[in-house]
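Colleague: Please find one structure pasted underneath; my questions will follow.
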Amino acid sequence: MAQPRIIPRAEHPISRRDISENALKVLYRLKDAGYRACLVGGGVRDLLLGVEPKDFDVATDASPEEVNELFRNARLIGRRFRLAHVRFGRDIIEVSTFRADLSGVDDDETDDDARLLDDSGRILRDNVYGSIEEDARRRDFTVNGLYYDIADFSIHDFVDGMADVDARQLRLIGDPETRYREDPVRLLRAVRIAVKLGLEIEPATEAPLYELGELLADVPPARLFDEVLKVLMTPDGVTAFRKLRHYGLFGPLFPETEAALAGAAGEAGLQIIENAIANTGKRIVEGRPVTPAFLYAALLWPAVRAAAEAREAEGMPAAPALATAQREVIAAQVQRVMLPKRFSVPMREIWQLQPRFHKRRGKQPARLMSHPRFRAAYDFLLLRAEAGEEPAELAQWWTDIQEQPGAPAPPPAAPSGRRRRRRGRRGGRGRKRDDG
Ligand code: ATP
Ligand code: MG
């Protein structure tokens, strides 16, 4: 085993005070039971760079079964790579056992991969476990491969990660192209982590980003759904989005949108997408709720518009053209990036409500405002108006009407009929009390 660089406590800034109580509990319980226990990954990286970590991951030489026996609140997850989740209310500490490089045999790979012994699942799994150094080398970026050891609070560096932390540089461990091919999601992780932390991508790590985007077409769509949200639903999402396009990594994820952005309505489409990402990021910073449905409504809108125009050019009336376009775009998109029904349903509602903003007569506005998806659809209308796709006057009208005290609409939550009846029954008593 090569000698790691060991950085003693006095020579690095990570203090136990920066580590969550739950992570410390897990680390100490493992250590006290005689196991090696380290903080690893994004938590160590973020603390070294002065950023508050999103979560803390623990790595240990205890097997998942041993971890499971040590914690009442542990649960084993994963089919091939077993991990333990130690649960404290809503907080989960992920505990993984040191293991050797098995990249390329994750998830859906077949069992006859050359690097695996071909016998039985049990032999396969026993061979997964490895030394702490092997565990470091199978990780993606050097800054993600640092171990904070709870035994003496030192950092163990097998991959020259500290030098890259100091240089604020993102560098893949090993040969970059090989590592990207092993797992193309690393292409997206490179952009996400660099943007999030303001790191420079080291040239040899950066160069393949321009070349290898098509590899993303082979990544399971469900995994890409998570990664797309992680990269775009963040305060720096717009920067990340622009970088993805710069490297040619957006097209493989959203081929029809990318094609539409090159077309006639591309400029407006781009503005809608960037503003949707920016609004989402702003809401995250403000602690307000966000939903992938709204983001995806924007991400796919240029493709929907282009497809609807194509249908109309063939002579289809506007309404069915739009409906058909939506179905087509979603069907093609989920081949690349999955979109769960609980998000695609409200996304379609946001789209389908758009033409109704043109109906401003009689009871139509009140009816639209009482729709459960009105607020999101209105926010989407604002994006479209900002991009020049709808008149500013139309958006302003809908803004004003919501602010008018005598607006013809009931609050969005309650359908008008039910609300009126209730007021009739209970309102009387309320008013009497007010009077008296
Ligand atoms: P963050 O939690 O801020 O999103 P992270 O680096 O912690 O960033 P996780 O997905 O939590 O990301 O992964 C934890 C660690 O697991 C990483 O730091 C890295 O060491 C390792 N890892 C994650 N994904 C990969 C991958 N695709 N290839 C190799 N190692 C990975
Ligand atoms: Mg993490």
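Colleague: Once all Cα-Cα distances of the chain are split into 20 Å bins that start at 0, what whole-number percent is in each one?
Modeller: Bin by bin from 0 Å, the calculated values are 21, 45, 27, 7, 0.
Colleague: Further question on the same structure: Taking 2.2 N^0.38 Å as the expected size of a compact globular protein, what ratio does the Cα radius of gyration of region 158-225 give against it, to two decimals?
Modeller: On the way: Rg = 12.3 Å, N = 68, 2.2 N^0.38 = 10.9 Å.
Dividing the Cα Rg of region 158-225 by 2.2 N^0.38 Å gives 1.12.
Colleague: Same structure, new question: Students often forget the sequence filter, so: which lysines lie under 17 Å Cα-Cα from K230 once same-chain residues fewer than 8 apart are removed?
Modeller: K54, K196, K243, K282
Colleague: Right, next: State to the nearest 20 debye the size of the charge dipole of the chain about its Cα centre, where the only charges are +1 on K and R beta carbons and -1 on D and E beta carbons. Let's see the in-between values first.
Modeller: Numbers: 68 positive and 67 negative charges, 875 e Å.
It works out to roughly 4200 debye.
Colleague: Ordered by packing density, taken as the mean number of other Cβ atoms within 10 Å over each peptide's residues, highest first, how do 202-209, 91-98 rank? Write out the running numbers ahead of the final one.
Modeller: Numbers: 202-209: 17.8, 91-98: 20.1.
The densest-packed peptide leads the list: 91-98, 202-209.
Colleague: Now a separate question. Please work out the FRET efficiency for the pair D400 and D18, using the Cβ-Cβ distance as r and a Förster radius of 51 Å; give the result to the nearest 0.05.
Modeller: Numbers: r = 49 Å, r/R0 = 0.96.
It comes to 0.55.
Colleague: Can I ask one more? Round to the nearest 0.05 the FRET efficiency obtained for L49 and Q352 when R0 = 56 Å and r is the Cβ-Cβ distance.
Modeller: Numbers: r = 44 Å, r/R0 = 0.79.
After rounding, the FRET efficiency stands at 0.80.
Read-outs: derived from the displayed coordinates by stated rules, not from any lab. All values reported here derive from a predicted model rather than from experimental measurement. As a convention, Cβ positions derive from the backbone with ideal geometry for all residues, glycine included, and neighbour counts pool all protein chains shown.
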